[in-house]
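The values are calculated or read from the model by the stated rules, or taken from the named source; none is laboratory data. Only a predicted model underlies this, so the values are computations on that prediction, with no experimental measurement involved. Reconstructed Cβ throughout: ideal geometry from the backbone, glycine too, with neighbour counts over all protein chains shown. Only protein heavy atoms, including side chains, enter the accessible area calculation; ligands, DNA and RNA are left aside. Shrake-Rupley method; radii C 1.70, N 1.55, O 1.52, S 1.80 Å.
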Amino acid sequence: MPTMNVIQAVNDALRVAMRQDPDVVVLGEDVGRFGGVFRATQGLYDEFGADRVIDTPLAEGGIVGTAVGMALYGLRPVSEIQFADFIFPAFDQIVNEVAKYRYRSGGQYACPLVIRAPYGGGIRGGHYHSQSPEAHFIHTAGLKVVVPSNPHDAKGLLLASIRDPDPVIFFEPKRVYRAAKGEVPEGDYVEPLGKARVTRPGTQATVIAWGAMWHEADQAAREAAAEGLDCEVIDLRSLQPLDLDALVQSVSRTGRAIVVHEAPRTCGFGAELSALLQERCFLHLEAPVRRVTGFDTPFPYTLENEYLPRAPRILQAIREVVSY
Amino acid sequence: MRREHEVSPVARHPRLAEVDQPGFFLREFPLQTVLRDDGTADPAEVPLADADLVMLYRWMVLNRALDERMITLQRQGRIGFYIGSIGEEATIFGTAAGVETRDWIFPCYREHGAALLRGLPLVTYLCDLFGNARDVMKGRQMPCHEAWRPGRFASISSPIATQIPHAVGAAWAARLKGDDMVALAYFGDGATSAHDFHTGLNFAALRKIPVIFACRNNGWAISVPRERQTAAETLAQKALAYGMHGERVDGNDLLAVLNATRRARARAAAGEGPTLLECVTYRLEGHSTSDDPRAYRPADLVETWKRKDPLLRMRRFLLRRGALDEAADAKLRDEVREELQRALREAEAFPPKPPLETLFEDVYAEPLRQQREQLRELEAAVAADPRVGNPRHAGT
Ligand SMILES: Cc1ncc(C[n+]2csc(CCOP(=O)(O)OP(=O)(O)O)c2C)c(N)n1
Ligand SMILES: [Mg+2]
């Protein structure tokens, strides 16, 4: 199996999907001749041509709005938003159009499209090149939200997303775009949406994370192990649909849960997970569900590593939860 | 009598049939130039006294030296990012010098030169780039996202074109208050595709709001050339559809830009409405320090534009005019270099990080309860483990 990083895996998934299905097109800013500012679409323009690898004007509402029309007419568009922070000019299209098209037409129409966007901090990007806006979209019924943490899942989940009957917001952890490497199967395969993965079995606490923060959670769990604290780590992978069974199963066993995310704490997805876990695992819980998250501020520049819920803060939470 | 619901035949402009002909709009919106290739200019078109012209030239030289130095600093890892204006100095200083100091500026991310002209101290600007303890933005924004209220220079955000309606609103407010204030909005050629461009121009034209829409057409939106941004021959012609005045000016010609801006300001102040000013210039470097333009841009194209370098053209003009000689030019460059060096030393001496509590300030006028709690939580985390905030100890 070839070794790839996340960006190569995304690129490979797009190529596989486009070879296999002539209805798949990609569109976005700089995605065509240049191959994207992160090189996610590199080589696609040469292989599939300008009709299927489309450089758009600088207008996210157009990148998503025209994708809606394409999807209605039978294409499988994959829109790239250059940074997740710039998804908001398309927010109206996503929330009011993409998410509701099937429902408001009584199921006559569907809007199967994928919106890919690099998200997250730790790259010295300040307010507008660092945000993790997943909660806005999970909160909008009608959208699926997927966040891979590694190359294998990036490819398999993207292929599944492109073929999914529903619209998928696909957030890519840009901090580990190149740093996270791993073996990726050649050719076609899918990782089903809605399935979490236990990446480290453990008995004393469950650490739940996704995307770039999975790497911090994993690091914290290793450090905890060195202190004799045995943590289970779950990579959520798909936030909507959510693999609630996997979470309930794990937390019922460990009795302690820590949710890690980069987004601000208030109304972050950790709040929802915390509520679900106390509803479903109440009698098993040995400690309150802990959230280790970004703070209720815009994403900062200089103090970004203080802001980010990195391994040392997660480790502190593990110690506290276990000794509660 | 015509009834309301009947569609009236469009009044056809006699020349409307020509609109489809290639070159029509290029002729209708001719590129206005003052500085000729031989370094001369029509004396009637020279808007300032020699000393002021030299002063603006010095600003362009300083801005160029600053950009070059900061790109080097970024490569050395001393600042995180940089986005400069190399090649676009005449557009920036021509527009900024063409309005009054009481006028507000709503910048994009390449107009730090306009802020410096408005009195932003160089040291302060450098502290902003470092995001250090002296950064006016308190280390919150990435480099080149400065704000400078004393100079009526608004705050920069990365999302493209968002500042355009802000400029309209500020100018509108000034008119409601009876103030003589014209807002100057900067944006690029790519921004003309964004919805905020449309919204801003439509609102402004409808209400004859005193705004100057300064479009820095530098030929590129990252890798997307101007020709693939819009099918329109010129950007200036977009003014027509909104019912406002538009002009196209040689953006590498400081005097042409200055004159056009002054005309636009006079029109706006007289209640005649906004102007869309397309300044045709060229981005000589990569989009930013994150970009390598060799992947998408033929080098010979850049060479052609280098010969039209706005600094060279202004220098040639000043030398020919006798406002500057070689010795004075060399001295000016030395001074600029020293000024930069001094400011850099001063800025780098400040502590690299703003205090922890600044993270939670200014989100609201007063921090909320949970923010105060989160500050305590972060302080405790830092106290318990010095690795918190230190990326070298992070996961991946
Ligand atoms: C809404 C939004 N979408 C995408 C981006 C990413 N981006 C940053 S600069 C840029 C190109 C801007 O081109 P232009 O308006 O011509 O300005 P220039 O950089 O050439 O001065 C893009 C696409 C952004 N900042 N904001
Ligand atoms: Mg441009």
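Is there a residue being at pLDDT 95 or above and in a helix (DSSP H, G or I) anywhere in the range B:8-16?
No, every residue in the range B:8-16 fails to be at pLDDT 95 or above and in a helix (DSSP H, G or I).
Is it the case that some residue within the range A:110-119 is surrounded by fewer than 19 Cβ atoms within 10 Å (Cβ to Cβ), within 27 Å of B:His198 (Cβ to Cβ) and at pLDDT 95 or above?
No, the range A:110-119 contains no residue that is surrounded by fewer than 19 Cβ atoms within 10 Å (Cβ to Cβ), within 27 Å of B:His198 (Cβ to Cβ) and at pLDDT 95 or above.
Could you check how many residues of the range B:363-396 are in a loop (DSSP other than H, G, I, E, B) and at the interface with another protein chain (Cβ under 9 Å from one of its Cβ atoms)?
Going through the range B:363-396 one residue at a time, the tally reaches 11.
Taking the range B:212-234 only, how many residues are near ligand 1 (Cβ under 7 Å from one of its atoms) and open to solvent by less than 10 Å² (accessible area, probe 1.4 Å)?
2
Residues that are within 22 Å of A:Arg102 (Cβ to Cβ) and away from chain B (no Cβ under 14 Å): list the helices (runs of 4 or more DSSP H) wholly contained in the range A:1-90 that include at least 2 such residues.
A:60-72
Here's a check for you: in the range A:162-195, which residue that is of a type in the set (D, E, K, R), out of contact with any helix residue (DSSP H, G or I) (no Cβ under 6 Å at 6 or more places or on another chain) and open to solvent by 30 Å² or more (accessible area, probe 1.4 Å) is farthest from the other protein chains (Cβ to nearest Cβ)?
Result: A:Arg163.
Give me the pairs, please: first residue somewhere in the range B:161-185 and in contact (Cβ under 8 Å) with a residue 24 or more places away in the chain and of a type outside the set (Phe, Trp, Tyr), second residue anywhere and open to solvent by 40 Å² or more (accessible area, probe 1.4 Å) and within 16 Å of ligand 1 (Cβ to nearest atom), beta-carbon distance under 7 Å, and either six or more positions apart or on two chains.
Qualifying pairs under 7 Å: B:Pro165/B:Thr199.
Could you tell me whether any residue of the range B:190-210 is within 12 Å of ligand 2 (Cβ to nearest atom), within 14 Å of the chain's Cα centre (by Cα) and not in a helix (DSSP H, G or I)?
Checked against the condition, which is being within 12 Å of ligand 2 (Cβ to nearest atom), within 14 Å of the chain's Cα centre (by Cα) and not in a helix (DSSP H, G or I), the range B:190-210 yields no hits at all.
Quick check: anything in the range B:179-186 under 19 Å from B:Gly251 (Cα atoms), part of a strand (DSSP E or B) and more than 16 Å from ligand 2 (Cβ to nearest atom)? Outline the logic, then answer.
Taking the range B:179-186 and keeping what is under 19 Å from B:Gly251 (Cα atoms), we get B:184-186.
Filter again for part of a strand (DSSP E or B), leaving B:184-186.
Filter once more, so that each one left must be more than 16 Å from ligand 2 (Cβ to nearest atom): B:184.
There is at least one residue in the range B:179-186 that is under 19 Å from B:Gly251 (Cα atoms), part of a strand (DSSP E or B) and more than 16 Å from ligand 2 (Cβ to nearest atom).
With A:Ala180, A:Ala160, A:Ala209, A:Ala226 as the choices, which residue is farther than 22 Å from A:Thr3 by Cα, at pLDDT 95 or above and more than 12 Å from the chain's Cα centre (by Cα)?
Answer to the selection: A:Ala226.
Check A:Glu272, A:Glu320 and return the single one that is assigned to a helix (DSSP H, G or I), within 14 Å of chain B (Cβ to nearest Cβ), open to solvent by 20 Å² or more (accessible area, probe 1.4 Å) and farther than 27 Å from A:Asn5 by Cβ.
Within the list A:Glu272, A:Glu320, the selection yields A:Glu320.
Looking at (1) out of contact with any Leu (no Cβ under 9 Å at 6 or more places or on another chain); (2) over 19 Å from B:Thr261 (Cβ atoms); (3) within 14 Å of ligand 1 (Cβ to nearest atom), can you tell me which one B:Ala185 breaks?
(2)
Considering only the range B:235-250, state which residues are over 24 Å from B:Asp37 (Cβ atoms), assigned to a strand (DSSP E or B) and open to solvent by 20 Å² or more (accessible area, probe 1.4 Å).
B:His245
Among the residues that make up the range B:238-250, is at least one of them within 13 Å of ligand 2 (Cβ to nearest atom), away from chain A (no Cβ under 12 Å) and in contact with a helix residue (DSSP H, G or I) (Cβ under 8 Å, 6 or more places away or on another chain)?
no
Say we look at the range A:94-108 and pick out the residues that are under 16 Å from A:Ala141 (Cβ atoms) and of a type in the set (S, T, N, Q); which of these is nearest to the other protein chains (Cβ to nearest Cβ)?
Taking the candidates together, the pick is A:Asn96.
Give the number of residues within the range B:64-108 that are within 14 Å of another protein chain (Cβ to nearest Cβ) and touching a Ser or Thr at 6+ places or on another chain (Cβ under 7 Å).
4
May I ask you to verify whether B:Glu278 is on the phi < 0 side of the Ramachandran plot, touching a residue at least 60 places away in the same chain (Cβ under 8 Å) and either within 16 Å of ligand 2 (Cβ to nearest atom) or within 14 Å of chain A (Cβ to nearest Cβ) (or both)?
Spelling it out, B:Glu278 is indeed on the phi < 0 side of the Ramachandran plot, touching a residue at least 60 places away in the same chain (Cβ under 8 Å) and either within 16 Å of ligand 2 (Cβ to nearest atom) or within 14 Å of chain A (Cβ to nearest Cβ) (or both).
From (1) farther than 23 Å from B:Asp196 by Cα; (2) free of Cβ contacts under 8 Å to residues at least 24 places away in the same chain, pick out the condition that doesn't hold for A:Gly62.
All conditions pass for A:Gly62, except number (1).
Every residue in the range B:252-289 that is part of a loop (DSSP other than H, G, I, E, B) and polar (S, T, N, Q), please.
Within the range B:252-289, B:Asn252, B:Thr281, B:Ser288, B:Thr289 meet the criteria.
When you scan the range B:320-329, do you find a residue that is open to solvent by 50 Å² or more (accessible area, probe 1.4 Å) and at positive phi, even just one?
Of the range B:320-329, the ones open to solvent by 50 Å² or more (accessible area, probe 1.4 Å) are B:320-322, B:325-327.
This time we only want the ones that are at positive phi, so: B:322.
Looking through the range B:320-329, at least one residue is open to solvent by 50 Å² or more (accessible area, probe 1.4 Å) and at positive phi.
Quick one: how many residues across the range B:190-215 are more than 12 Å from B:Ala167 (Cβ to Cβ) and touching a strand residue (DSSP E or B) at 6+ places or on another chain (Cβ under 6 Å)?
2
Please list, ordered by first then second residue, the pairs with beta carbon atoms under 8 Å, 6 or more apart or interchain, first in the range B:370-396 and on the phi < 0 side of the Ramachandran plot and at pLDDT 95 or above, second open to solvent by 60 Å² or more (accessible area, probe 1.4 Å) and in a helix (DSSP H, G or I).
From the range B:370-396, the pairs are B:Leu375/B:Glu357.
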